[in-house]
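Note sheet for the following structure.
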Amino acid sequence: MAEAYKIPEDAASQVPGEGEAASAANPPWPSRAQRSYSLFVLTIVVMFTVLDRQILSLLIEPIKADFGITDTQAALLMGAAFSITYGIAGMPIARIADRTNRKNLVAACIAFWSAATVASGFAQSYVAMLWSRLAVGVGESGYGPATWSVVTDSYPREKVAFATGTLGIGAMMGTGLALFLGGAVLAFVQHLPPVDLPWGGTLRPWQWAFIIVGAPGLIWAMIVLTIKEPARRGMIGGKPQHVPVKDVARWIIDDWRTYLAVIGGTCMKVLLTAGPTTWGATFLHREFGWDLAQVGIISGTIMLVVSPVAMLAGGKLSEHWTKQGRQDANLRIVFYGLLASVPFLIVAPLMPNPWLVLAFNAIASFIGTLGFGPGVAAFQVITPNRMRAQVSSLSQFGTNVIAFALSPLLVALITDFVFRDPDALGYSMALNAALMGVLSILITWQGLGPYARSYARAVREFAN
């Protein structure tokens, strides 16, 4: 196992502080009030993106019944339909984020994907739903790189993990609210009769969930415009630079073991955890006969309680270890979280009692979520500002295109073609967790030493 590296005295002294004099490459930090407000607004943006994305996981059974689709078709709807356009649009939008006003870009993105989510509520066929999910993918592809770039330019290096962890609270709140609100909406509307639309077609009861969660994002897009765009740090002349894609690729290739760990490891972690997230409600419904509304409310409540604590704790632990001089603090927290959480994820779907399933998943979620903020901060703080959004888009491509598309599909394929039994979903989830868990641990472990050296170089060579 790689040793824990220490920051040399001379390198540690170069970490920029809030009281330093401003320069073109090292402008003054935003005020505490400005950055706190921006972080709050952007955290809600993250909540909306996950809420709009995850609401589908709770509605799979009624969608299957109304559209007459299989588990594999449902998995394509949950994953690939969203991820294809996410991957295509991600890099071009990230290049825009590296050169233009980032808050305006985030506002445009949330307005677009929220409108697409509302459109999902009016879809009258499987194909129409696919088109709506494709549009959601386009909108969501641009928020992450721009949002992370804004936050990284608003906080000193040692506080970035706490800030990105706070953004992660939005992600977990979105997932929890998708389950809770989706369950509450289903409980409210499941006995209502279908509504005939004036332009033709029928609004089914479950479709209200998409409309209810999508509409508020259109309003929040205007609130995003009220935050302040922070100055870009570490830029020549303080101005954004045009960086060719080949230069970004060369930077990553020269440090490939580090980026394999911080981006590839995160991708594998999503392959590990997205199975329980996307198939959990369906599993409890099939295996134990729980009503989907009940599953959503209970699972959502657990996530809303557990995840914020873990997010903040992980960020604070990273800040503490970094101040102690641990150069690999961010990645080591991710690594330890994987070691401890993977066994729980493997065992959870094999439990004979639904409450034990929820308990084991809650433990795994808490431990694994400690690494969310440090995981995002890991590649943000070692990447120069001029290419930070583009590298972020590569991370998003790995987690949201490859992992998000493949994870629900892998579980479905194991169910349909290995066990050949819809009631074997729990075994499929356990097998997926075992395979992806081992790969996640190995990929992260091999990068601990290289990451520490990359962090030290970043402290020496460029400002936060």
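A short reminder: the numbers here are calculations on the coordinates, not readings from a lab. Computed from a predicted structure; not experimentally measured. Here the Cβ positions follow ideal geometry from the backbone for every residue, glycine too, while neighbour counts run over all protein chains shown.
List of remarks:
- Full extension of the chain segment joining Ala187 with Thr226 gains 10.4 nm, where the gain is 0.36 nm per residue of separation less the Cα-Cα distance.
- Compared with the dominant principal axis of the Cα atoms in the chain, helix 208-224 is inclined by about 20°.
- Two-decimal Rg/Rh across the chain, once Rg and the Kirkwood Rh are taken from alpha-carbon atoms: 0.97
- Computed over the alpha-carbon pairs of region 275-381, the distance histogram in 10 Å steps reads 15, 41, 27, 14, 4, 0 percent, short to long.
- Longest DSSP-loop-exposure-free segment, GluC sites (Glu not before Pro), the chain, at most 14 other Cβ within 10 Å: 21-464
- Between 0 and 90°, nearest 10: helix 32-58 axis offset from the chain longest Cα axis: 30
- Relative contact order %, the chain, counting alpha carbon pairs below 8 Å whose residues are six or more apart: 29
- Taking the chain as the region of interest, the number of lysine pairs whose Cα atoms are within less than 22 Å, with members eight or more places apart or on different chains, is 11.
- Dividing the mean sequence gap of close Cα pairs (under 8 Å, 6+ apart) by how many residues region 336-458 holds gives a relative contact order of 35 percent.
- Counting only alpha carbon atoms, the long axis of helix 160-189 and the longest principal axis of the chain meet at about 10°.
- The chain, dipole about Cα centre (Lys/Arg Cβ +1, Asp/Glu Cβ -1), debye to the nearest 20: 1240
- Normalised by residue number, the volume inside the convex hull of the Cα atoms of region 47-186 is 103 Å³ per residue.
- Stokes-Einstein diffusion coefficient of region 403-464, Kirkwood radius over Cα pairs, 20 °C, 1.002 mPa s, in µm²/s: 150
- Region 88-157: radius of gyration over Cα atoms, expressed as a fraction of 2.2 N^0.38 Å: 1.28
- P(r) tail fraction, region 320-464 - alpha-carbon pairs more than 26 Å apart, %: 35
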